[in-house]
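The values are calculated or read from the model by the stated rules, or taken from the named source; none is laboratory data. These numbers were taken from a predicted model, which means no experiment stands behind them. Every residue, glycine as well, gets a Cβ built from its backbone with ideal geometry; the counts of neighbours run over all protein chains shown.
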């Protein structure tokens, strides 16, 4: 009586365990009447989680987000709403103030921008009073007009770098620095930005603060319409773009424009399988003491034939920097008077190298600022913002490919297993309110578990990871609220076998406690701890006292023997007196694909029944007995009316 | 207690009924030791099905293919096998003779070609003696060297038109006419054929035999590497190509080459959903008295991100002819010395129109044969074989899109329903030995049924439709054998409701016979027949004598009430005394997702239980009672040892 579910199909790794919403008691925050909890910001020092929603900002206790510390509202005036509605927008949904920028400005204030009924505005939020200061700065170029439009921003040394659209229609894309002394922006030209969807931005520090040896860079990630490929219809291409923090723009050419804007293609594909992931969904920058350089984890879905497919690719920072600092440029050529084709530029490249940050070498050649750069260099970068080389992922292939899901967000935690091995644990949210936790092992992707964070099946809009000791959580925001989830549910594995088969680097079996415990909650190198990422359960203590349940049944009746387990990868095998019970038959049935029914009981059915779970782990099958029942069928004097069963 | 299975998901129409291999007693043919039954040919007159397999040809009774009439073997000599193996090919698999061409030559002979251990050869098979005549013609260009390479051919008036590869490596593609007096072939040049995979070829007659007003055309269908698009890697493009039967080649330019070879892109996509079906799998030409012109039914899968996706597009012949006879041409332009870009050619086009068949107008201008055509016209068609316009499908979108399947072959039958409406019934074979039968209704695709034709899950390599009265079958060939399946399993629907809900245009409920019958087996306009393709069951006679089953059970026992049905689209709802039983609970369970278990019976459980099937048909829900049980629980004196249930 064997039922296989969760068979291994190409690109269809199945989460080993599914935690339903009711099974995990997650801490939640939701303020009635407030929706679209799309901006999350963690204050590392104060243990405070700031949440930007529609027309509201909240300060929550990061250790227990159900505990609200402060709230501030920023509503649109009726007058503005009316004007917005006049332009054909919905008063109930679009003509409201969606918080899109929530950035730390100083120790005592946040910088907040909202769509403000299609009149984007920014303000300062005082952390002492938790009130808006009412500055009402123009948010154009920092925050989109339309809540449906894409946006990204990062605050760097008090200056906001942002990518969004610059006008009401959303047709003019812009990457800009909002700075009082040196505001900069992109050229409004197809080769610079071609219908982009902004996804992510962050700063990469090159040198300690104050030092000037190498300039910090701000990286932007977006998907845009390709100019270099020609497809049956508009082909989207994921991009990584880079600007230098020290950029001051040009003096004549590229005045108040970036002189350091370069972009390149991000590749994430499996040409052998025809898999092309060309829509970027989210990016996470993994940094850490164990890492020589930051790694960009990028989440993709395909544009083409996507009936549920997602992938994760990881990129080394140095791969991207190599492309920008030494790669070839592309240039456009005109064909037959009317067509344009982008090809590799093989001609001479001016000095200093177009798009480069002002480094020691440039300074030595007396180019101390971008304002000094020669026109030739500036004109070149203006016409050639696109690199010919592309930024390829680590190992030249995706870390994870998953069928039947559209992931929306990703965060990655680098954690050390009991044996010292480092694992990059990927947390991906889905369009249906769930969170997948996965590790990429040598030959396979192991999705440790799936957790239904939200009861409603809405997309998770934002994920935030907190991996500080004693505060290891994933925070997730959706339209309906914010949820705080632990990184692992170790305590839910009740046996040593369960704990080890989970192959969760966060969890180990504690012999003294006889419990599955979270590794980071134990002190020092664990004594009496067992963990085995290969799924070897041999270190588990023998079940000395094999427990079993005894049942008495009447002749002619039906027995139900239960076999509870959580693994979606396991095959249930029922044994009777050590012989495997085969296939569904008039004698046996399965309920819920695991519990055994025995019909029309007779004396011959008395004996020992065992439920075995068989699971494939790294190409070998491991099995464990999860339930043992002893059945005794008693012959009773036949009742006058004989029972009939169909 | 309601279980939904087969919910409506985008592009995931579920076959309403699944017939397992054991449920349908199909007539089969298989000769032990013979494999790869890849060529099927039906003789309409003799009711004979010819089957080409590896090293063998069979003649079977088309009405009962298990009845073998003749067999002929064509084995590779040991000498040839050894030579083939020397070239690095497998002696056991590749160095054999795979029959790839099986075409009617005359009333008394077939034309047969085989790979012949990488030395393709052709021979004549006498139908009187059923023996090969031993001609041993060179099969180069008619049949591939490698059994893994693609091929297609059609016999037109005694001359074989074929598309395949011309050399051992399979690197030189060719579309040719093998004719003693006028052999013709394609140029060996990328613009003509670029790594094609040949799929199908057929002749379209323009005028009655003998008449010369308009020339017959031979159409070729294949997938090749695109020259007009530039993608991240080699992009495949499905093509339709055309040559004229009267083509004689050029006199100097294009000597012994086609002067009428033109090709165009076939489009089958849904740009709004990013769906691009660019790998052609099979083509079927639907002709018929009810049709003004032939319709090409083409089966596609995507090259990109195909984790199981197929589509069917239908094209009018006139759409293709319009492109070839009046469309713009493409031409290549050189960019920056090294790149090529194909763009629309807008310059002057020579007269007569390049690639056109010799028609009345050409003859009037004294161009009586392609040998007379001016050099300008020939040079133009040599350089411009690709049209700029593409051949678009009927309604500009796919007829069917199906997730989680890779279809391999298609045949289409145009059949008249009881109310006179014509339906194009599509039969598609899968990679796993099954056949899907579907009709495209106004707003939805209805997959009437799925039949497991072969026990093993191997791809079906070839499908052949016979829709002659009294011989309506689909023949399917796979590696292991040939199967003969009826077009419908009407008789398997046991009730009027079942028969109507099947929405099978072949089936109707016969009131006099009280049975579901095949329409085409009844004579004339049926009296007492009911059919309703909208799923309306109101015409079914009232179930006057509602049958039910009575059961007696003991107090404390478990009852199982059965509810059998075949519909994958139905939702099972159990009612007790007219109230719906809700959700799984300690009291109730479901076996096999349909049969009801009632645990721990007490007097209160006595009463009437009904199993209802709810099914969505065209956006409304229809329901029917499929089982009715009357349960009586009797209180018995308690036995000494009380039964305990976990």
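Among the residues of the stretch B:76-85, at least one is more than 14 Å from chain A (Cβ to nearest Cβ) and touching a strand residue (DSSP E or B) at 6+ places or on another chain (Cβ under 9 Å).
Considering only residues that are in contact (Cβ under 8 Å) with a residue 60 or more places away in the chain and either within 14 Å of another protein chain (Cβ to nearest Cβ) or within 26 Å of residue B:188 (Cβ to Cβ) (or both), which ones fall in the stretch B:355-376? Reasoning before the result, please.
Step one: filter the stretch B:355-376 for residues in contact (Cβ under 8 Å) with a residue 60 or more places away in the chain, giving B:355-360, B:369-373, B:375.
Within the stretch B:355-376, B:355, B:356, B:357, B:358, B:369, B:370, B:371, B:372, B:373, B:375 qualify.
Among B:220, B:296, B:300, which is the only one that is outside any loop (DSSP other than H, G, I, E, B), more than 29 Å from residue A:234 (Cβ to Cβ) and in contact (Cβ under 8 Å) with a residue 40 or more places away in the chain?
Working: B:296 fails: more than 29 Å from residue A:234 (Cβ to Cβ); B:300 fails: more than 29 Å from residue A:234 (Cβ to Cβ).
When all the criteria are applied, what remains is B:220.
Residues in the stretch A:268-293 that are in a loop (DSSP other than H, G, I, E, B), buried (at least 16 other Cβ atoms within 10 Å of the Cβ) and without any contact (Cβ under 8 Å) to a residue 40 or more places away in the chain: A:274 only.
With (1) touching a residue at least 12 places away in the same chain (Cβ under 8 Å); (2) out of contact with any helix residue (DSSP H, G or I) (no Cβ under 9 Å at 6 or more places or on another chain) as the list, and residue A:96 as the residue in question, which single condition is left unmet? Against the list (1) touching a residue at least 12 places away in the same chain (Cβ under 8 Å); (2) out of contact with any helix residue (DSSP H, G or I) (no Cβ under 9 Å at 6 or more places or on another chain), residue A:96 comes up short only on (2). Once the stretch B:307-339 is narrowed to residues that are within 14 Å of chain A (Cβ to nearest Cβ) and not in a strand (DSSP E or B), the residue that is surrounded by the most Cβ atoms within 10 Å (Cβ to Cβ) is B:307.
Among the residues of the stretch A:72-80, are any touching a residue at least 40 places away in the same chain (Cβ under 8 Å) and either in a strand (DSSP E or B) or at positive phi (or both)?
Kept after step one, since they are touching a residue at least 40 places away in the same chain (Cβ under 8 Å), are these residues of the stretch A:72-80: A:72, A:74, A:76.
Those still in the list that are either in a strand (DSSP E or B) or at positive phi (or both) too: A:72.
Yes, because at least one residue in the stretch A:72-80 is touching a residue at least 40 places away in the same chain (Cβ under 8 Å) and either in a strand (DSSP E or B) or at positive phi (or both).
Against the test of being in contact with a strand residue (DSSP E or B) (Cβ under 6 Å, 6 or more places away or on another chain), within 12 Å of chain A (Cβ to nearest Cβ) and at pLDDT 90 or above, the options B:631, B:601 yield a single qualifying residue, B:631.
When the stretch B:252-267 is filtered for residues that are over 24 Å from residue B:157 (Cα atoms) and in a loop (DSSP other than H, G, I, E, B), the ones remaining, listed by number, are B:252, B:253, B:267.
Among the listed residues B:611, B:563, identify the single one that is in a loop (DSSP other than H, G, I, E, B), within 14 Å of another protein chain (Cβ to nearest Cβ) and within 23 Å of residue B:16 (Cβ to Cβ).
Values: B:611 fails: in a loop (DSSP other than H, G, I, E, B).
Criteria check complete, one pass: B:563.
From B:494, B:547, B:534, which residue is within 17 Å of residue B:423 (Cβ to Cβ), at pLDDT below 95, in contact with a strand residue (DSSP E or B) (Cβ under 9 Å, 6 or more places away or on another chain) and surrounded by fewer than 20 Cβ atoms within 10 Å (Cβ to Cβ)? Walk me through how you get there before you give the answer.
Working: B:494 fails: within 17 Å of residue B:423 (Cβ to Cβ); B:547 fails: within 17 Å of residue B:423 (Cβ to Cβ).
Matching residue, one of B:494, B:547, B:534: B:534.
Inside the stretch A:123-137, residues that are modelled with pLDDT under 95 and either under 25 Å from residue A:197 (Cα atoms) or part of a strand (DSSP E or B) (or both) make up a count of 1.
Per this entry, residue B:86 is not counted among residues that are free of Cβ contacts under 8 Å to residues at least 24 places away in the same chain and within 25 Å of the chain's Cα centre (by Cα). Determine whether residue A:541 is in contact with a helix residue (DSSP H, G or I) (Cβ under 8 Å, 6 or more places away or on another chain) and exposed (fewer than 12 other Cβ atoms within 10 Å of the Cβ). Spelling it out, residue A:541 is indeed in contact with a helix residue (DSSP H, G or I) (Cβ under 8 Å, 6 or more places away or on another chain) and exposed (fewer than 12 other Cβ atoms within 10 Å of the Cβ). Of all residues in the stretch A:119-138, those satisfying the criterion of being more than 28 Å from the chain's Cα centre (by Cα), over 15 Å from residue A:72 (Cα atoms) and crowded, with 18+ Cβ neighbours inside 10 Å are A:119, A:121. Could you check, for the stretch B:347-354, whether at least one of its residues is outside any loop (DSSP other than H, G, I, E, B), within 14 Å of chain A (Cβ to nearest Cβ) and within 22 Å of residue B:187 (Cβ to Cβ)? No - not one qualifying residue is present in the stretch B:347-354. Restricting the search to the stretch A:1-33, which residues are surrounded by 18 or more Cβ atoms within 10 Å (Cβ to Cβ), over 19 Å from the mean Cα position of the chain (by Cα) and either modelled with pLDDT of 80 or more or under 30 Å from residue A:128 (Cα atoms) (or both)? Scanning the stretch A:1-33 gives A:27, A:29. Tell me, which residue of the stretch B:585-599 that is more than 42 Å from the chain's Cα centre (by Cα) and surrounded by 12 or more Cβ atoms within 10 Å (Cβ to Cβ) is farthest from residue A:589 (Cα to Cα)? Selected residue: B:587.
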